[in-house]
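Inspection log for the structure reproduced underneath, given as structure tokens.
The values are calculated or read from the model by the stated rules, or taken from the named source; none is laboratory data. As the structure is a computational prediction, the values presented were derived from the model and not from experiment. FYI the Cβ positions are ideal-geometry reconstructions off the backbone, even for glycines, and counts take in every protein chain you see. For the accessible areas, the whole protein counts, side chains as well, though only heavy atoms, and no ligand, DNA or RNA atoms are used. Shrake-Rupley method; radii C 1.70, N 1.55, O 1.52, S 1.80 Å.
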Amino acid sequence: MRRAGQVAEPDIAAYQRVLDRVFARSRPLLRDAPTWQAALFASVRGCYAEMRSNPEALEMHFVTTGRDERVQRTRTAHRDRVLALLGDVRDDVPEPIQAEMALTMIHSTMCAHVAADEAPPALDDAEQTFATLLFNAVPDGD
């Protein structure tokens, strides 16, 4: 029996497929960028573009993740594998906590935007948020 407000397994499986598509496209984005921040920017932008085209996944990623432990675990596992890939394909990656901090700040900010507007920000607005947080708020590791 499913508890009220809990996400059904088929929905989590569909969300995982979206994350798998995002991850499958991540290697060249992370590898080919000029800096680690630009690499994460490209990866996060690709993820957000995919999420905007999948409203159910976007809802899970930015809203349901705060209410359903399984969705949160799925999102966290995705973040961890992107960060591991970043470390595998780049030589300029700072301490893992810095990249994790950047992704956490981006996710928190986007959650607040979605909650406040009850709609996902346009891609241009989201890109501005990503860039501001990645290039201004996180040390470059030098």
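Based on alpha-carbon atoms, the Kirkwood radius and the radius of gyration of the stretch 39-142 give Rg/Rh equal to 0.95. Charge tally for Leu103 (other residues, Cβ to Cβ under 14 Å; Lys, Arg +1; Asp, Glu -1): +1. Ligands, DNA and RNA left out, the accessible area of the chain computed with a 1.4 Å probe is 52% carbon and sulfur.
Could you state the number of Å between the C-alpha centres of the stretch 73-118 and the stretch 1-57? So the two Cα centres are separated by 11 Å. With contacts taken as Cα pairs under 8 Å at a separation of at least 6 residues, the chain carries a relative contact order of 27 percent.
Surface analysis of the chain yields an accessible area of 55 Å² per residue, using protein heavy atoms and a 1.4 Å probe. Checking every one of the chymotrypsin sites (Phe, Trp or Tyr not before Pro) in the stretch 6-36 against DSSP loop status and a limit of 15 other Cβ atoms within 10 Å picks out no site at all. Computed from Cα positions, the angle between helix 69-89 and the longest principal axis of the chain comes to roughly 20 degrees.
Given +1 at the Cβ of Lys and Arg, -1 at the Cβ of Asp and Glu and no other charges, the dipole of the chain around its Cα centre is 540 debye to the nearest 20. Please give the helix 36-52 orientation as an angle from the longest Cα principal axis of the chain, in degrees from 0 to 90, rounded to the nearest 10. Approximately 20 degrees, to the nearest 10. Per-residue packing, averaged as other Cβ atoms within 10 Å, sorts the ranges 114-120, 60-66, 7-13 into the order 60-66, 7-13, 114-120, beginning with the highest. Each of Leu29, Ala77, Pro10 was scored by the projection of its Cα onto the charge dipole of the chain, and the greatest displacement toward the positive side belongs to Pro10; charges sit on the C-beta of Lys, Arg, Asp and Glu.
Where the eigenvalues come from the Cα gyration tensor of the stretch 1-64, what are the semi-axes √(5λ) of the equivalent ellipsoid, largest first, in whole Å? Largest first, the stretch 1-64 gives 28, 11, 9 Å.
In the chain, the longest principal axis of the Cα atoms and the axis of helix 9-24 are about 20 degrees apart.
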